[in-house]
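Take a look at the structure below.
The values are calculated or read from the model by the stated rules, or taken from the named source; none is laboratory data. None of the values given here were measured: they were computed from a predicted structure. Backbone-built Cβ (ideal geometry, glycine too); neighbour counts: all protein chains shown. Keep in mind that these areas ignore ligands, DNA and RNA; they rest on the heavy atoms of the full protein, side chains included. Shrake-Rupley method; radii C 1.70, N 1.55, O 1.52, S 1.80 Å.
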Amino acid sequence: MKEPIQVTRSSMPAYEEYIEEIRDLWDSHWLTNMGSKHNRLRDDLIRYLKVPNLMLFANGHLALESAISAFKLTGEVITTPFTFASTTHAIVRNGLTPVFCDIDPETYTIDADKIEALITERTSAIIPVHLYGNICEVDKIQKIAEKYKLKVIYDAAHAFGTTLNGIGVGNFGDAAMFSFHATKVFHTIEGGAITFSKEELAHKLYGLMNFGIRNQIVVNEIGSNAKMNEFQAAMGLCNLKHIEEEIQKRKRIYERYYDRLSGRKGIRLMKLTEGTKTNYGYFPVVFEEKELGYNREQVYEALARENIYARKYFYPLTSDFECYRERFDSSLTPVARYIAERVLTLPLYADLEPELVDRICSLALNP
Ligand SMILES: *Cc1c(COP(=O)(O)O)cnc(C)c1O
């Protein structure tokens, strides 16, 4: 049996390169708590992402929870259900109520024209998702936020290194969360970061990330433990050296898929928001049975028979999760539901063979 092909495969530096990077930890014995690798990675990422402020975290989810907590939000938060569990959980775990906005049928990001109708007296923030390496309509969202005095925190877990008209995606909104999980375009095994516009937020975020400990005797914040350790940071330092090559390799796979699948009736490909330079993180395809005569499940099965595993990513909607479905009604976000029921995210990683892309495409067109 051939090795199974998964939807993604973590990129890794050469073994020797990582060993070289961690060697001096055996001299310093400084393994975590804002060590020198942590600080170097933070500074390198500030440069790479072209952002004014960035704080590293143990993972993206804790970063997002901390960012939400840092802004002391109350009541309701407008977000979308077409995302990973983390986005919705981070809102609910902060004691807030998610209010689900529908998505745009072409970009799969929040439909900015539908936000205003959902705003109530209780709304305190908008938490949109820069999904699949695409970028939200940030200008429209900003205007609404200013009009109603709402905070904007982006879930940019998928958007590492993307830009909108040359501006790093981490510059939009009050803050943005990046995930450096092993499956993401850039990773630190587990890891994440918050980028933010106002430097004053750093103190608050730091407290939330490190038990609120300010010095040996002062603890003034009910913080969590979300520190990135030196082994994670070392992986990040190695991976960051190869990030351009990583993105270029993904671009070739992405374009090969695009070439073979675009312009086909019944096959819908994601449209990038105008001005977006993507990181080629994902290749979602929407299969419309009415036009194709077959559906997403059949494509999924046809691929699985050849040991190729696409993902129904994002299905179900978070509002349909067992832990939420009593509270929310996903028929209120019909576009998100339509896309979630038909989407398949195809395998995409730097070293995926072009012949496999061709095989996957031919099964997608003829399962
Ligand atoms: C990966 C991901 C997260 C969470 O990041 P972790 O680093 O895995 O905690 C949040 N939101 C989205 C959309 C993600 O894909």
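Remark on Asn53: its backbone amide H falls under 5 Å from those of Phe196, a criterion applied only to residues 5 or more positions apart or on other chains, H modelled at 1.01 Å from N. Residues whose amide H lies under 5 Å from that of Val99, counting only those 5 or more places away or on a different chain, are Val77, Ile78, Thr79; hydrogens are built 1.01 Å from N in the peptide plane. Each of Trp30 and Gln248 was given a label point 7 Å from its Cα along the Cα-to-Cβ line. The distance between the two points is 3.5 nm.
Taking every C-alpha pair closer than 8 Å and separated by at least 6 residues, the mean separation divided by the residue count of segment 91-183 gives a relative contact order of 22 percent.
Considering only Leu237, Leu118, Leu346, the Gaussian network model of the chain with Cα springs below 10 Å gives its largest mean-square fluctuation to Leu118. With the crude spin-label approximation of a point 7 Å out along Cα→Cβ, what separation in nm comes out for Lys241 versus Ile222? Placing both labels 7 Å along Cα→Cβ, they lie 4.5 nm apart.
Within segment 230-297, the GluC sites (Glu not before Pro) that combine a DSSP coil assignment with at most 10 other C-beta atoms in a 10 angstrom radius are Glu274. The aspartates and glutamates whose alpha-carbon is closer than 12 Å to the alpha-carbon of Lys143, local same-chain residues fewer than 8 away aside, are Asp113, Glu116.
Each distinct pair of alpha carbons in segment 59-134 adds a 1/r term; the inverse of their mean, the Kirkwood radius, is 12.6 Å. Pairs exceeding 31 Å between alpha-carbon atoms, taken from Lys2/Lys50; Lys2/Lys312; Lys241/Lys265; Lys37/Lys251; Lys50/Lys227; Lys50/Lys251: Lys2/Lys50; Lys241/Lys265. Cα extents for segment 255-367 along the principal axes, largest to smallest and rounded to whole angstrom: 46, 37, 27.
Accessible surface of Lys140 in the full protein assembly, 1.4 angstrom probe, to the nearest 10 Å²? We get 80 Å² for Lys140.
Shown in residue order for segment 108-125 are the 3J(HN,Hα) couplings computed by the Karplus curve 6.51 cos²θ - 1.76 cosθ + 1.60 at θ = phi - 60°: 6, 9, 3, 7, 4, 6, 9, 6, 4, 5, 9, 6, 10, 4, 8, 5, 10, 7 Hz (x for Gly and Pro).
Couplings 3J(HN,Hα) for segment 144-151, derived from phi with the Karplus relation 6.51 cos²θ - 1.76 cosθ + 1.60 (θ = phi - 60°), are 4, 4, 5, 4, 9, 6, 10, 7 Hz, where x marks Gly and Pro. Diffusion coefficient (Stokes-Einstein, Kirkwood radius over C-alpha pairs, 25 °C, 0.890 mPa s) for segment 17-97: 160 µm²/s, rounded to a whole number. Here segment 213-232 is scanned for amide nitrogen atoms under 15 Å from the site 7 Å beyond the Cα of Asn39 along Cα-to-Cβ, giving 230. Once you reduce segment 133-204 and segment 31-53 to the center of their Cα atoms, the two points are 16 Å from each other.
Taking amide H as placed 1.01 Å from N in the peptide plane, Phe283 has its amide H under 5 Å from the amide H of Leu346, each at least 5 places away in sequence or on another chain.
For segment 1-102, relative contact order (Cα pairs under 8 Å, six or more residues apart, normalised by length) works out to 18 percent.
The smallest convex shape that holds all Cα atoms of the chain, its convex hull, gives 145 Å³ per residue. With R₀ fixed at 35 Å, the C-beta to C-beta distance from Glu116 to Asn165 puts the FRET efficiency at about 0.90. Computed over protein heavy atoms with a 1.4 Å probe, the accessible surface of segment 214-345 works out to 53 Å² per residue. Report in % the part of the accessible area of the chain that belongs to carbon and sulfur, leaving out ligands and nucleic acids; probe 1.4 Å. Within the chain, the accessible surface is 50 percent carbon and sulfur.
Between the beta carbons of Cys323 and Lys290, assuming R0 = 25 Å, the FRET efficiency works out to 0.15 to the nearest 0.05. In sequence order, segment 330-337 has phi-based couplings of 6, 6, 7, 10, x, 5, 4, 5 Hz under the Karplus curve 6.51 cos²θ - 1.76 cosθ + 1.60, θ = phi - 60°, and Gly or Pro positions carry x.
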